[in-house]
């Protein structure tokens, strides 16, 4: 057997649409996934901007099954499977791995704060052992501003030493380039793929041996982000990066996840897309209007929406 | 029908025993619950020190059923039912309420940080509406050092105005007496029961119109804490408080939850009790020895363990 190529490039933490009664809407979810794939983006379903932790385990499993049954290519998927509960993490990771997903993106357990590195090591180690599948590829998810529990270089080192090949990379959403740089310098040489958590760092990451980005804004601007990923060595890469930054800046001046859904609602002409689950709150009218004006001023568009 | 008396006094966030394979151990759990009840403590199962968020929803539901089937009185129970996912919170809250539990102790959804009060209001509001049971009594769980998402006086005020009677009280684990004082001053007069999250504040809480405490250390020192609750107006209340503080201080010089389990393992002569789930880590030998020496120096004992 040949070794599968690891997943690289641009992935969207796919936003999860809800019906009015706040149940996940699989048809809209599938349409959005198809559009993202057509635009060159992979599918990091069940991420922070997917409201994954606002979904029950059963809801996540059902959405995953729905995508697989609909023929979405698991080799383009990196589902989020981290959880506070080891048993939940194991169940979702095992299902994704058995389905042939390219990898899983794992938050550390995030309820207890200030936990020992040893405890985090055991959590990931137990997950690997219990899943017990040679196809498992874990990408560690470092997002201290939200999870408040991080993935330290020391933890990466221990896990890589114990599970080489299985520990496949990380997503760094620290927003701290010096941390990303440390991870690249220490681990990228041994095939550990570092994704940045925002396209703002995409060019820098590619210039430093990184693997791509997994970014919220890829839900609305995937083709342009993918273009920079593919052409980061071109002369206009800096200009491309600036245009990506302008769009991201326009979106994230509002609360990011509700803003993404507001953009989807507008460009799909489908107000239902704006729905979020508590504890998040949708944008109010003024926030939405200001967001759309900022994007219009940049000539922002969402091409190919009919592909979905 | 007469109105049930609300649950007051001392409750233990019941520690959850695990087998070697890290599955919850219902028999040891039941034995510990029976001992706690015999010592005068109510059962706040599925709290922070129960490793509740390290359990799947199904594991929590199964443990609850096991206790109910074994005849544990639901009127002495206040299960923790908060969750990041609305659907999980609703399912567990509905089950506990239907079973006749005295109330439920609800964490706010704790993954997203810096969420709007409106989003938290909607989370609790949706829970009340979806459970749709007049017997529901919600105790709000404020533990900002761990959850990082708190319950503000403004949120309590909105919820009380909308759901009087259902919003029954709170547990304040801020460790900040001025916050507890604010909650007591603002809300206790209208029948809102304030429990402190540590027996260190029990006397002060009772002197100020509070309802009791829900404290980790009640897992090992329930009778003495209950004695102060019942006799806080006695002349020796200050001395009692000091003795409680000494025991708590001896325990919490080690990591608190593993320390509680180490104490149970020792006094039950049952090493299996020391097991914790990742990301927590059991005490090492030196930590355990020092803990036991501190307790021995205080003449600490756990009477009546044969009751379980």
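The values are calculated or read from the model by the stated rules, or taken from the named source; none is laboratory data. What you see is a predicted model; the values in this text were computed from it and never measured. Don't worry about glycine lacking a Cβ; one is built from the backbone with ideal geometry, like all the others, and counts go over all protein chains shown.
In the range B:138-174, which residues are in a loop (DSSP other than H, G, I, E, B) and either crowded, with 21+ Cβ neighbours inside 10 Å or within 14 Å of chain A (Cβ to nearest Cβ) (or both)?
Correct list: B:143, B:148, B:149, B:150, B:151, B:152, B:173.
Could you list, in sequence order, all residues of the range A:1-21 that are buried (at least 19 other Cβ atoms within 10 Å of the Cβ), under 17 Å from residue A:265 (Cβ atoms) and touching a residue at least 60 places away in the same chain (Cβ under 8 Å)?
Hits for the range A:1-21 are A:12, A:14, A:15, A:17, A:18.
Which of the residues belonging to the range A:242-281 are in contact with a helix residue (DSSP H, G or I) (Cβ under 6 Å, 6 or more places away or on another chain), within 17 Å of residue A:199 (Cα to Cα) and surrounded by fewer than 19 Cβ atoms within 10 Å (Cβ to Cβ)?
Matches in the range A:242-281: A:245, A:256.
Hey, among B:258, B:222, which residue is within 14 Å of another protein chain (Cβ to nearest Cβ), over 18 Å from residue B:27 (Cα atoms) and within 18 Å of the chain's Cα centre (by Cα)?
Exactly one residue qualifies, and that residue is B:258.
If you check B:287, B:293, which single one turns out to be within 14 Å of chain A (Cβ to nearest Cβ) and at negative phi?
B:287
How many residues are on the phi > 0 side of the Ramachandran plot, under 15 Å from the mean Cα position of the chain (by Cα) and surrounded by fewer than 21 Cβ atoms within 10 Å (Cβ to Cβ) if we restrict to the range B:22-65?
1
For residue A:217, indicate whether it is under 21 Å from the mean Cα position of the chain (by Cα), free of Cβ contacts under 8 Å to residues at least 40 places away in the same chain and surrounded by 23 or more Cβ atoms within 10 Å (Cβ to Cβ).
No; evaluated as a whole, the condition is false for this residue.
Step by step: first the residues of the range A:86-100, then only those that are touching a residue at least 12 places away in the same chain (Cβ under 8 Å) and at the interface with chain B (Cβ under 9 Å from one of its Cβ atoms), then the one that is surrounded by the fewest Cβ atoms within 10 Å (Cβ to Cβ). Which residue is that?
A:91
Among the numbered criteria (1) away from chain B (no Cβ under 14 Å); (2) surrounded by fewer than 16 Cβ atoms within 10 Å (Cβ to Cβ); (3) at pLDDT 95 or above, which one does residue A:300 miss?
Of (1) away from chain B (no Cβ under 14 Å); (2) surrounded by fewer than 16 Cβ atoms within 10 Å (Cβ to Cβ); (3) at pLDDT 95 or above, only one is false for residue A:300: (2).
Could you run through the range A:54-73 and say how many residues are within 14 Å of chain B (Cβ to nearest Cβ) and either without any contact (Cβ under 8 Å) to a residue 24 or more places away in the chain or under 20 Å from residue A:221 (Cα atoms) (or both)?
Number satisfying all stated conditions: 2.
Return yes when residue B:228 is touching a helix residue (DSSP H, G or I) at 6+ places or on another chain (Cβ under 7 Å), buried (at least 20 other Cβ atoms within 10 Å of the Cβ) and touching a residue at least 60 places away in the same chain (Cβ under 8 Å) and no when it is not.
So residue B:228 fails the test.
Residue A:103: farther than 22 Å from residue A:260 by Cβ, away from chain B (no Cβ under 12 Å) and within 16 Å of the chain's Cα centre (by Cα), yes or no?
yes
Which residues, counting only those in the range A:107-129, are touching a strand residue (DSSP E or B) at 6+ places or on another chain (Cβ under 8 Å) and within 8 Å of chain B (Cβ to nearest Cβ)?
A:108
List, please: which pairs have Cβ atoms under 8 Å, are six or more places apart or on different chains, and start with a residue in the range B:74-85 that is more than 11 Å from chain A (Cβ to nearest Cβ) and end with one that is in a loop (DSSP other than H, G, I, E, B) and modelled with pLDDT under 95?
B:75/B:4
Restricting to the range A:175-197, give me the number of residues that are surrounded by 19 or more Cβ atoms within 10 Å (Cβ to Cβ) and out of contact with any strand residue (DSSP E or B) (no Cβ under 7 Å at 6 or more places or on another chain).
Qualifying residue count, the range A:175-197: 1.
For the range A:136-147, which residues satisfy the criterion of being without any contact (Cβ under 8 Å) to a residue 60 or more places away in the chain and in contact with a helix residue (DSSP H, G or I) (Cβ under 8 Å, 6 or more places away or on another chain)?
A:136, A:138, A:140, A:142
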